[in-house]
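Here is the structure we will look at, set down as structure tokens.
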Amino acid sequence: MRRIRKALLLAFLTLLYSNSIALADPPGIVTGTQNLLQAATTWLLLIIPTACACAIGWHAFCKQLNEGDPAQSAMHSRAMKNALIAGAIGVSAVGIVKAVLAFYSS
């Protein structure tokens, strides 16, 4: 029993100390994918709020041009609320991706 434990310990220590691959640089596809995701999330953080603001502005403009129809006014108010919620979800999703990518950066 002692011999087996010693042999397992020796094998474990040999594998632990001889594994220099774990300390090497990550493969090119990993760093390339990481750079791609960082660039894409940067663009998304610019595009999502801009598109959300344009949608809200458009519906506010349409609501202002409304001739007093309460159904149309409610529809545009609901569309502005939905655009704001969609923008918040999009920015939150990008934030989560950026937080995950932060673990891989050195």
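The values are calculated or read from the model by the stated rules, or taken from the named source; none is laboratory data. Just so we're clear, the structure is a prediction, and the values are computed from it rather than from any experiment. Using ideal geometry, Cβ is built from the backbone for each residue, glycine included, and neighbour counts are taken over all protein chains shown.
Mind checking which residues of the range 78-97 are surrounded by fewer than 14 Cβ atoms within 10 Å (Cβ to Cβ) and of a type in the set (Gly, Ala, Ser)? The answer is 88, 92, 93, 95.
Mind checking whether some residue in the range 55-67 is free of Cβ contacts under 8 Å to residues at least 24 places away in the same chain, among the β-branched types (Val, Ile, Thr) and surrounded by 11 or more Cβ atoms within 10 Å (Cβ to Cβ)?
no
Scanning the range 35-83 for residues that are hydroxyl-bearing (Ser, Thr, Tyr) and over 27 Å from residue 99 (Cα atoms) yields 73, 77.
Taking the range 2-106 as the region of interest, the helices (runs of 4 or more DSSP H) fully inside it that hold 3 or more residues being under 34 Å from the mean Cα position of the chain (by Cα) and at pLDDT below 80 are 28-64.
Among the residues of the range 71-87, not a single one is under 30 Å from residue 30 (Cβ atoms) and among the β-branched types (Val, Ile, Thr).
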